[in-house]
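Report on the structure given below.
The values are calculated or read from the model by the stated rules, or taken from the named source; none is laboratory data. None of the values given here were measured: they were computed from a predicted structure. Here the Cβ positions follow ideal geometry from the backbone for every residue, glycine too, while neighbour counts run over all protein chains shown.
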Amino acid sequence: MLEAFANFGISWLDPWLLMLTAAGTLAGIYVGAIPGLSVTMATSILISFTFKWPVNDALALIAGVYMGGVYGGSRTAILLNIPGAPSAIATAIEGYPMAKRGEAGEAIGLTTVMSVFGGFVGIAALAMFAPVISSFALMFNSRDYLLLGLIGILLVGTLSGESFAKGAFAGALGVLIGMVGLDPMTAEGRFTFGSISLMGGIPYVAAMIGFFGVAEALVQLQTLDVPAIKQKIDRVIPKLSDVKRYFWLAMRASGIGTIIGALPGTGGDIAALLAYDDARRSVKNPDVPFGEGAKEGLVAPEAANNAAVGGAFIPMLTLGIPGDAVTAVIIGALFIHGLKPGPLMLVETPHLFWFTVGNLALANIFLLIFGLTGIRIFTKIVECPKAILIPLIIVLSAVGTYAIENNPVHIYWMLLFGVLGYFLKTYGFQVGPIILGVILGPMMDSNYRRAMIGARGDIGEFLWNFVSHPISLVLSIGFVLMVLSQTPLWPRLLKTIGLQRQ
Amino acid sequence: MSGQSTRRPGELAFICLLALFSAAALWQAYDISEFTGLSQPGVFPMLAAATMLLSCVFILRDTLRTRPNQEPGQRTAFWHTIMPMRLMVMLAMVALYLYAMPWLGFVIASGLFLFACFAYLWRKSLLISLLLAAGSLAAVYFLFRIVFEVVLPQGTLVPAGVL
């Protein structure tokens with residue numbers, strides 16, 4: 001216990017780590033806020049620069065960027081009606097009308113306080129539940145990991161894309177990209193075409209930066225000429241009466257956010273929309289109707305999306321299954337530093353777990369400080385034209401990709417993925433499941449083969465194992481229901497068992 | 001769950017390309033270890049490629065159900081909305097930049113690239129673009145070379161130790 005507390009406090013007492021966390025949080029707020037820059041993009045580029053650093057330094061910076069970035073999107077949503085990140089879509093619906101009424105400062109203040117509140121709820125849940133889940137996860141079998149991987153990829157694919165088929169395609173493409181190279185079990189070449197550079201596999205950082213950096217920059221070219229609207233800023237510190245009044249709503253939204261964040265495959269954006277929807281249903285008489293600047297509609301999604309950060313760390317650290325694209329990238333960072341997120345992480349490296357918890361809490365405090373200050377300078381910076389941003393994103397992407405192994409070939413991979421990502425995005429595919437597939441693919445492959453070898457190569461026994469063990473059975477049912485719910489059979493099935501609403 | 005009713009220009013062709021790619025991937029995956037056993041290295045790649053191909057069939061079906069763009073300029077619509085001139089120029093500049101980097105080195109290549117992009121996209125005076133390019137290059141160099149200590153491509157054109 002004492003040891004856990006000591007590890008929790010490492011970044012609070014070390015001035016260098018304190019500085020890195022602060023810098024990360026501040027940078028995250030701007031990255032999240034500037035339309036065209038995303039936290040996923042920034043984290044994937046950051047990984048390539050911090051991989052030579054000590055683990056603690058890199059984690060401190062990345063935790064700050066993540067925490068700040070999830071919050072930062074709300075500022076542009078309020079001020080410019082452009083959600084800086086998908087998790088701020090609901091915030092824009094209520095925040096922008098408030099800004100138009102001249103209450104931009106108040107909206108930002110309330111958003112900040114509630115984000116920090118939600119953040120703490122999520123972190124508390126991480127500290128309490130991760131050790132429990134982790135000891136439970138030690139009972140997981142290789143086939144359970146295979147199922148968890150499948151569920152994670154499919155959830156990201158179905159919840160965010162245009163159609164289930166497009167999500168499934170993206171996930172499978174990611175898995176395929178992850179398969180390229182020498183097979184880790186038999187050292188046989190897969191999709192290597194005799195090329196030595198392909199034998200090492202396709203570098204996943206190049207894929208991440210290509211899909212999230214370059215592709216996004218190319219998509220942004222379309223909206224180069226959209227002008228920004230300026231807002232007046234008044235008082236920023238929210239009224240104490242407001243904070244008291246919305247306390248229980250924020251508590252409830254944080255609960256939703258933590259749970260949604262903790263589910264594999266769902267992150268802050270879905271948490272925010274669900275909490276917003278829940279607030280709309282549960283708040284009976286808002287002072288201002290929803291959609292016209294209701295504070296309730298601002299509090300709920302903001303508390304929820306920051307609570308989802310702590311929630312998302314739970315499956316990532318205990319099961320090694322990323323909750324969404326950003327956590328997939330963070331898992332990539334942990335791999336680079338030689339760490340293996342999973343049930344053994346808390347047993348083998350408990351100090352890293354408590355360090356992460358402490359670090360997220362610290363980043364949350366910095367969020368409060370930076371969130372309530374510097375808004376005037378902020379409005380100047382986010383007005384930075386995209387014509388300047390886009391070329392800079394490309395230069396940063398190129399340096400980032402090169403930095404990992406000093407290999408120019410990786411830069412060409414990045415460009416290829418960037419162009420492919422542009423077309424995929426344009427035609428309604430999501431790139432998130434691809435990255436999840438790249439990260440989870442090799443893990444799923446080895447677990448599949450272990451499970452198959454365990455069943456002595458007998459397909460009947462292999463399938464029987466999925467239903468004859470309690471954990472596998474629950475996961476299998478979840479997986480089958482998920483796939484079924486996306487087919488035309490689902491409404492018919494609901495009708496037969498009498499669940500369909502008339 | 002399909003949310004669109006009209007087909008985007010070039011969408012059908014793109015989906016067909018994806019289907020072709022998936023089929024080729026499936027064939028290559030089969031080549032890895034054929035059907036020699038269920039725990040062979042080729043099984044999972046085959047499953048992934050088969051999933052891609054199957055999804056493509058469904059996506060193709062959904063796409064065929066959408067209304068094709070009936071307007072007369074269908075052929076030009078692709079170049080207008082999906083591959084506009086600005087995108088193609090940018091892509092050419094990016095390709096040239098990445099191609100020239102191992103040769104010119106990071107500093108010169110990035111400087112030229114940033115200047116060309118600012119001049120093309122921002123359309124302010126050349127002097128402003130030049131100053132901006134120099135300023136942002138200095139910031140990037142300081143941050144990554146000095147703070148993060150990243151090794152940047154030196155380039156074969158510039159003798160070692162100059163930059």
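Scan region A:429-459 residue by residue and report those that are closer than 30 Å to residue B:6 by Cβ and more than 20 Å from the chain's Cα centre (by Cα).
Passing the criteria: none in range.
Search region A:404-432 for residues being farther than 18 Å from residue A:211 by Cβ and assigned to a helix (DSSP H, G or I), and hand back the single one that is farthest from the other protein chains (Cβ to nearest Cβ). Working first, answer last.
Filtering region A:404-432 for residues farther than 18 Å from residue A:211 by Cβ gives A:405-408.
With the extra rule that they be assigned to a helix (DSSP H, G or I), the set shrinks to A:405, A:408.
On the way: A:405: 10, A:408: 5 Å.
The residue in question is A:405.
Only one of B:43, B:57 is more than 7 Å from chain A (Cβ to nearest Cβ), among the aliphatic types (A, V, I, L, M) and more than 25 Å from the chain's Cα centre (by Cα). Can you tell me which?
Working: B:57 fails: more than 25 Å from the chain's Cα centre (by Cα).
Result of the check over B:43, B:57: B:43.
Among A:77, A:130, which is touching a residue at least 40 places away in the same chain (Cβ under 8 Å), of a type outside the set (Asp, Glu), closer than 23 Å to residue A:258 by Cβ and in a helix (DSSP H, G or I)?
None of the other options fit; the residue is A:130.
Could you run through region A:137-147 and say how many residues are more than 24 Å from the chain's Cα centre (by Cα) and within 16 Å of residue A:350 (Cα to Cα)?
1
If residue A:91 satisfies every condition in (1) more than 24 Å from residue A:377 (Cβ to Cβ); (2) buried (at least 24 other Cβ atoms within 10 Å of the Cβ); (3) touching an Asp or Glu at 6+ places or on another chain (Cβ under 7 Å) but one, which is the exception?
The one condition residue A:91 does not meet is (1).
Give just the number: which of (1) modelled with pLDDT under 85; (2) more than 25 Å from residue A:218 (Cβ to Cβ); (3) among the hydrophobic types (A, V, I, L, M, F, W, C); (4) touching a Leu at 6+ places or on another chain (Cβ under 7 Å) does residue A:79 not satisfy?
Of everything listed in (1) modelled with pLDDT under 85; (2) more than 25 Å from residue A:218 (Cβ to Cβ); (3) among the hydrophobic types (A, V, I, L, M, F, W, C); (4) touching a Leu at 6+ places or on another chain (Cβ under 7 Å), residue A:79 misses just condition (4).
For residue B:51, indicate whether it is among the β-branched types (Val, Ile, Thr), part of a helix (DSSP H, G or I), in contact with a helix residue (DSSP H, G or I) (Cβ under 9 Å, 6 or more places away or on another chain) and within 8 Å of chain A (Cβ to nearest Cβ).
Criteria met by residue B:51.
For region B:55-147, which helices (runs of 4 or more DSSP H) that fit wholly inside it have 3 or more residues that are hydrophobic (A, V, I, L, M, F, W, C), closer than 23 Å to residue A:422 by Cβ and outside the structural domain of residue B:21 (by TED's automatic domain parsing)?
Here the list reads B:85-104, B:106-117.
So for region B:91-103 (the condition being over 23 Å from residue A:412 (Cα atoms), at pLDDT 90 or above and of a type in the set (Gly, Ala, Ser)), does at least one residue qualify?
Checked against the condition, which is being over 23 Å from residue A:412 (Cα atoms), at pLDDT 90 or above and of a type in the set (Gly, Ala, Ser), region B:91-103 yields no hits at all.
Can you find even one residue in region A:54-70 that is more than 19 Å from residue A:335 (Cβ to Cβ), within 13 Å of the chain's Cα centre (by Cα) and either among the charged types (D, E, K, R) or not in a helix (DSSP H, G or I) (or both)?
Start the filter on region A:54-70 by keeping residues that are more than 19 Å from residue A:335 (Cβ to Cβ), which leaves A:64, A:67-70.
Filter once more, so that each one left must be within 13 Å of the chain's Cα centre (by Cα): A:67-70.
Subsequent filtering for residues that are either among the charged types (D, E, K, R) or not in a helix (DSSP H, G or I) (or both) retains none.
Within region A:54-70, none of the residues are more than 19 Å from residue A:335 (Cβ to Cβ), within 13 Å of the chain's Cα centre (by Cα) and either among the charged types (D, E, K, R) or not in a helix (DSSP H, G or I) (or both).
Considering only residues that are among the β-branched types (Val, Ile, Thr) and at the interface with another protein chain (Cβ under 9 Å from one of its Cβ atoms), look in region B:5-40 and name the one that is nearest to the chain's Cα centre (by Cα).
Within region B:5-40, the first condition is being among the β-branched types (Val, Ile, Thr), and the residues that meet it are B:6, B:15, B:32, B:36.
From what is left, the residues that are at the interface with another protein chain (Cβ under 9 Å from one of its Cβ atoms) are B:15, B:32.
Values: B:15: 17, B:32: 28 Å.
Among those residues, the one meeting the criterion is B:15.
Output the residues belonging to region A:348-366 that are part of a helix (DSSP H, G or I), closer than 20 Å to residue A:335 by Cβ and either of a type in the set (Phe, Trp, Tyr) or free of Cβ contacts under 8 Å to residues at least 60 places away in the same chain (or both).
A:348, A:353, A:355
Within region A:126-149, how many residues are surrounded by fewer than 21 Cβ atoms within 10 Å (Cβ to Cβ) and not small (Gly, Ala, Ser)?
10
Is it the case that residue B:37 is in contact with a Gly (Cβ under 8 Å, 6 or more places away or on another chain) and closer than 30 Å to residue A:402 by Cβ?
Considered against the rule, which asks whether it is in contact with a Gly (Cβ under 8 Å, 6 or more places away or on another chain) and closer than 30 Å to residue A:402 by Cβ, residue B:37 comes out as no.
Do you know which residues across region A:157-205 are farther than 19 Å from residue A:264 by Cβ, in contact (Cβ under 8 Å) with a residue 60 or more places away in the chain and among the β-branched types (Val, Ile, Thr)?
Listed by number, the residues that qualify are A:177, A:202, A:205.
Answer with yes or no whether residue A:220 is surrounded by 15 or more Cβ atoms within 10 Å (Cβ to Cβ), at pLDDT below 85 and under 28 Å from residue A:44 (Cβ atoms).
So residue A:220 fits the description; yes.
Looking at (1) more than 29 Å from residue A:401 (Cα to Cα); (2) facing another protein chain (nearest Cβ under 7 Å), which is the one condition that is false for residue B:80?
For residue B:80, the exception is condition (2).
Checking the conditions here, which among A:394, A:471, A:388 is in a helix (DSSP H, G or I) and more than 8 Å from chain B (Cβ to nearest Cβ)?
Of the residues listed, the single one that is in a helix (DSSP H, G or I) and more than 8 Å from chain B (Cβ to nearest Cβ) is A:471.
Identify, please: which residue in region A:376-385 is in contact with a Leu (Cβ under 9 Å, 6 or more places away or on another chain) and assigned to a helix (DSSP H, G or I) and is, among those, farthest from the other protein chains (Cβ to nearest Cβ)?
That would be A:379.
Run down A:286, A:343, A:322 and say which single residue is surrounded by fewer than 17 Cβ atoms within 10 Å (Cβ to Cβ) and in a loop (DSSP other than H, G, I, E, B).
Among A:286, A:343, A:322, only A:286 is surrounded by fewer than 17 Cβ atoms within 10 Å (Cβ to Cβ) and in a loop (DSSP other than H, G, I, E, B).
Given the options A:107, A:85, name the one that is buried (at least 24 other Cβ atoms within 10 Å of the Cβ) and more than 16 Å from residue A:299 (Cα to Cα).
Exactly one residue qualifies, and that residue is A:85.
Going through region B:43-70 one residue at a time, which ones are of a type in the set (D, E, K, R) and either surrounded by 22 or more Cβ atoms within 10 Å (Cβ to Cβ) or in contact with a Ser or Thr (Cβ under 6 Å, 6 or more places away or on another chain) (or both)?
Those that are of a type in the set (D, E, K, R) and either surrounded by 22 or more Cβ atoms within 10 Å (Cβ to Cβ) or in contact with a Ser or Thr (Cβ under 6 Å, 6 or more places away or on another chain) (or both): B:62, B:67.
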